[in-house]
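See below for the structure under consideration.
The values are calculated or read from the model by the stated rules, or taken from the named source; none is laboratory data. Predicted, not measured: the structure shown is a model, and the values here were computed from it. Every residue, glycine among them, receives a Cβ derived from its backbone with ideal geometry; neighbour counts consider all protein chains shown. When the accessible area is computed, the model is the full protein with side chains, heavy atoms only, and any ligands, DNA or RNA have been set aside. Shrake-Rupley method; radii C 1.70, N 1.55, O 1.52, S 1.80 Å.
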Amino acid sequence: MKVKGFYTSAPSILSVGEEFTLKFKVLTEPHPVGWGCYVKPPTLNGLFNLSPRGIKYLDNVYDGDIEDVVIEIEGRKIKFSNYSGVFFGDKRRFGRVQGLRFNEPGIKFIRLIHPETGIETYSNPIIVEENPKYRIYWGDLHSQTFFSDGLRCPEELYTFAKEEAFLDFFSVSDHSEWITNRQWDYFCSVANDFNEQGKFATLIAEEWTDHKAGHRNIYYPDNTGRILRAGIDNIDTVYSVARKYGALIIPHHSANKIMGVNWNLSYDPQVEVLVEIYSVWGSSELGADEGNTRPIKAMGGEQKGQHVIDALNMGYRFGFVGGGDIHDGRPGDELHNMQEQPDDYKNLYRQGITAVKVKSIGRENIFNALYQRKCYATSNIKPILNFSINDVESGSILVNARKLHFEISGVSEVLFDRIVVMSDGKIYKSFNIKKNQFKIEFEQNYCGEQYFYVRIEREDGEIAWLSPIFMEV
């Protein structure tokens, strides 16, 4: 195996002089990992990890000899060789560079260099400020285990999300129809065990799998919740339980023909304030004939009238989240499209993740930010993005506006390509931006539009969706 690159993560927002840790892993070609005792982890093809979908667990972290990696930060070069694994006996090359800081405000990037091959990778962008108003944290809210149709047990998934995908928050949201009551107690316990205030946040979650009303994920704000099962509990019961517990309900892959959401059948604005606009299945934003570059192709493809834009046009007030809906045991860094079979996996995409804007990491803060739609979705990239109208932020409601002052800004390690402002089902404005940072401002008269949201497209084809601003007269 050879070194193929780096997967790296740094905090998106820091204060001047604040210490932080750069995390990275050295990558090689993805390869299946077999099962057995007393062999190097992870070991995934045992009795409980035989996927009903025919997929295998793939690993892509290099475990051989490697020269010192050079880390370049603000003109300084640091040689790094102190690798450590995730599990006992793990020889794979994970790097954690501690004690770093920036002493001046501004937009920063960190470069990693493999001297032997010349391979270079830039970190996600970092904004350094004197007194940050908020931080941006990244997470995946949607993952299956081997208790249903996925790979790996909950403990392994939480560990991967935190230690290998370098996420800040994560939820196992498995198909509840396949989980017993005792197993549900165990799922809750594992989530609570991994929840660590100030470091890593978890949410108690489940997936209610109904092919008529549509799939919904339920997220509870506290350390437990009620298990709900399609076929036993109907959508009205799901809404009732969510209101009782103060839970969030998030529909997903809504545009799919087989497992999508018929928006005419059900909607509860009290608990359904978010929609998963993107996952491995693709984007449910709008149809392929309307410019969607990642339409759902698997499981019968897409169904007209079930896209997110259709729900918004009906007056549904959804913020946007990105999720994995992964089944390959790699939340936050899936390799679905590397699977050899079945054929449907050739129609899958890179997974989605969610950015939330909060002051500090913690279960309560993450849940409240989601409930308030202080979030945006991406195709597993970490650009720093902002969108406001008349100083009202993305995800909020703007009341009694006559003149609209738009502000959109972004920073990325990869060049942006196009910035699209959408309103009432069509393109409102479009800008070609061939830069890795931008700020757009413009003014328009208010003409009765229901909502505005922004889609960000990068030169590498990756995408982000900023939650709508809803208009109210």
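Annotations for the structure displayed:
- Using only side-chain charges placed at the Cβ, +1 for Lys and Arg and -1 for Asp and Glu, the dipole size of the chain relative to its Cα centre rounds to 400 debye.
- Treating r as the C-beta distance of residue 16 and residue 441 and R0 as 25 Å, the FRET efficiency rounds to 0.40.
- 3J(HN,Hα) couplings calculated from phi for region 327-338 with the Karplus curve 6.51 cos²θ - 1.76 cosθ + 1.60 (θ = phi - 60°) are, in sequence order, 10, 9, x, 10, x, x, 7, 6, 10, 4, 6, 8 Hz; Gly and Pro show x.
- Computed over region 57-131, Kirkwood Rh from alpha-carbon pairs, angstrom: 14.3
- Computed with a 1.4 Å probe over protein heavy atoms only, the accessible area of residue 346 comes to about 120 Å².
- Solvent exposure ordering (accessible area, 1.4 Å, most first) of 299, 314: 314, 299
- Diffusion coefficient (Stokes-Einstein, Kirkwood radius over C-alpha pairs, 4 °C, 1.567 mPa s) for region 321-423: 80 µm²/s, rounded to a whole number.
- Entry note, the chain: the mean residue ellipticity at 222 nm calculated from DSSP H runs of n ≥ 4, each adding -39500 (n - 2.57), is -3000 deg cm²/dmol after division by the residues and rounding to the nearest 500.
- Counted without the sites themselves, the longest stretch of the chain free of chymotrypsin sites (Phe, Trp or Tyr not before Pro) in a DSSP loop having at most 15 other beta carbon atoms within 10 Å is 135-445.
- Across region 361-467, Cα-Cα pairs more than 15 Å apart make up 64 percent of the total.
- Backbone HN-Hα couplings from phi across region 66-79 [Karplus 6.51/-1.76/1.60, Hz, Gly and Pro as x]: 8, 5, 4, 7, 9, 10, 9, 9, 6, x, 8, 10, 10, 8
- Candidate cross-link partners of residue 2 among the lysines, defined by an alpha-carbon separation under 27 Å and a same-chain spacing of 8 or more, comprise 23, 25, 40, 56, 77, 79, 91, 162, 346, 382.
- By the equivalent-ellipsoid construction on the alpha carbon gyration tensor, region 283-338 comes out with semi-axes of 24, 15, 9 Å, ordered largest to smallest.
- Dimensionless Rg ratio for the chain, taking C-alpha atoms and the 2.2 N^0.38 Å reference: 0.95
- Selection from 380, 95, 192 lying farthest towards where the dipole of the chain points positive, charges on Cβ: 95
- Once you divide the Cα radius of gyration of region 177-276 by 2.2 N^0.38 Å, the number left is 1.09.
- Probe 1.4 Å - accessible area at residue 92, Å² to nearest ten: 10
- Accessible surface of residue 382 - all protein chains present, 1.4 Å probe, nearest 10 Å²: 20
- Taking the empirical scaling 2.2 N^0.38 Å for compact globular proteins as reference, region 405-454 has a Cα radius of gyration ratio of 1.22.
- Using the Cα coordinates of region 266-315, the gyration tensor eigenvalues translate into equivalent-ellipsoid semi-axes of 20, 12, 9 Å, sorted from longest to shortest.
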